[in-house]
1. Report, to the nearest 10°, how far helix 333-349 tilts away from the longest principal axis of the Cα atoms in the chain, using its own Cα long axis and a range of 0 to 90°.
2. Tell me the angle of helix 311-321 to the major Cα principal axis of the chain, expressed in degrees between 0 and 90 and rounded to the nearest ten.
3. If one computes the Cα centroid of region 92-106 and of region 352-385, what distance in Å separates the two points?
4. With 22 Å as the limit, write out which pairs from Lys210/Lys232; Lys313/Lys409; Lys51/Lys485; Lys2/Lys517; Lys85/Lys297 have Cα-Cα distances beyond it, or answer none.
5. Can you give the convex hull volume per residue for the Cα atoms of region 469-522, as a whole number of Å³?
6. What distance in nm separates the two pseudo spin-label positions at Met1 and Val522, each 7 Å out from Cα along the beta-carbon direction?
7. Given the peptides 346-352, 249-255, arrange them by the average over their residues of other C-beta atoms within 10 Å, most packed first.
8. Using Cβ counts within 10 Å as a stand-in for footprinting exposure, how do Ser83, Ser110 rank, fewest first?
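FYI, it's all coordinate maths here, none of it is from the lab. Just so we're clear, the structure is a prediction, and the values are computed from it rather than from any experiment. When we count neighbours, we look across all protein chains shown, and the Cβ atoms used for this are built from the backbone with ideal geometry, even at glycine.
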Amino acid sequence: MKTLLYNGKIWIGKNYFASSVGIDSETGSIIFVGKGKSDDKNIYGEAIDLKGKLVLPAFTDGHCHLFKGALVNSEVNLRYSASKKDFAGSINDYRGTLKEWEWIIGGYFSEVNFSEDITVSKVFIDSICDDVPVVLFRTDLHSCICNSLALEKIGILNRLNEFTKDEVIRDENNNLTGEFKEKGMYFVIGALPVKSISTKKQILNNQINKLHSLGITSVTDISWREDLDVYKAMFDENNLKLKINSVIPVEEYENIADYRKEFSDYKEFIRFGAVKAFYDGSLSSHTALFFDNYKGKNSNGLRTELVSSGRFKELAYKADLASCQMVIHVIGDLAVNEVLNLIKDIRNTNPLWDRRVRLEHVQHIHHNDIYKFKMLDVISSVQPAHLFFDAKVATQHLEKPETTHVFKKLVDDDNRFCFGTDFPVVPENPFHTIYTAITREAVGYPDGFNTDMCLDLVTCLDSYTINNAYASYEEESKGSIREGKYADLIVVDRDIFSISTAEIKNAVVETTFLNGKIVYTV
């Protein structure tokens, strides 16, 4: 059916607006964009008076862990816990929902929130719950802490020699604290109980409905094989209403053709072409790689095992030669520097092609490296909402906290960058991310952290729409309101161009269209 949305404020880029947009749910495309009452209402089966409401292109979350995030939203939530009482209350409440054999998994806590002197360890967790296995993750998803019972059940105690001292943490008496980082954490994840496929589908469906309510119709997803199994099961039932740019581990670069074939019936909704690698760790876990040591420590972070073994460099050259888009996790300024230098070497060695290399997070950039992003045509995939916690952590633990989230320097140098959340590390709401990018409000900095790095609204909207489309080679089909593009649109309850900045974070999506069909409405 053809539908006309008229008498609205249709954002078409920069500071330009139309008043009407026509969409076709059969072709899934935009068929008219203009001013006034449009060409001819008679060709439309439906006409909707927007009554002045704002219409935007639907959002793309440029970096998320879709299925992992869906699981997180079904697990124990300690994101804002500040005291032992908070931990105990949430854990015990969640415990009451479990079946006898189930574990307590989740957490996603941040020490930045703590109002008491708390060290989250197996001893701390045991004091709250010692008769059910408990595994709690930090909000950055680069470390986790197990209670004693979980340690016994995951089978890691007999394999400790497989991990470094930075991956399995011990106290001053050489006793395990229950904390595992990076490779150690992934071992723990691999040992956790597995949910049934029917449970997984229901959890994912709930999450997709939530994304629609926030105006998100597309994501760039860091996908593991178990995630793809859930997606395929839902696609087979015609029940996955989300466009996924799937990024698989770099070690699987040779399998991209196989994935494309396996999902060929659903290529309108899922694409493969990018591979992901982790270069360093995270700021809060003190595993992000910096030029300088962390304050008071004889450590500047770490390179992942993939990098330190030399395997990453080998795979990067091979994946690029196979025309796979590289998506590289870098957080510390030294990690950014080393990866930029590697990209330069690859460009000078391998044949020319439209690489669109993506650096994920780039939370800390040395000022001498800013110019390299444009020179090397590198896309920065950033998560401004991380600053809410990062500002305080950076100030407390880094010698040069002024390198934190300097994305405006990239904008001023005319670089391409896109927005995401790293969900479930931070919540999914795009308006919250935009608010943080504009104000740089953070824990300990109610008036903003290094506010000379604040971004403007149009830059933020571009970063959530057309820039994300460009970063996944889809700028010709989505990301802006243009005739011939997919009719992925949202109607917002307020005009974010004319209200105060403080109100932007409270904006609500009233209707979401995916391929011209309503998938959410209030």
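1. On a 0 to 90 degree scale, this one is about 60.
2. Helix 311-321 and the main axis of the chain meet at about 20 degrees.
3. A separation of 42 Å, based on Cα centres.
4. The answer is Lys313/Lys409; Lys51/Lys485; Lys85/Lys297.
5. Output value, Cα hull per residue: 102 Å³.
6. Distance between the two pseudo-spin positions: 2.2 nm.
7. Numbers: 346-352: 11.9, 249-255: 17.3.
By packing density, highest mean first, the sequence is 249-255, 346-352.
8. Neighbour counts put them in this order, fewest first: Ser83, Ser110.
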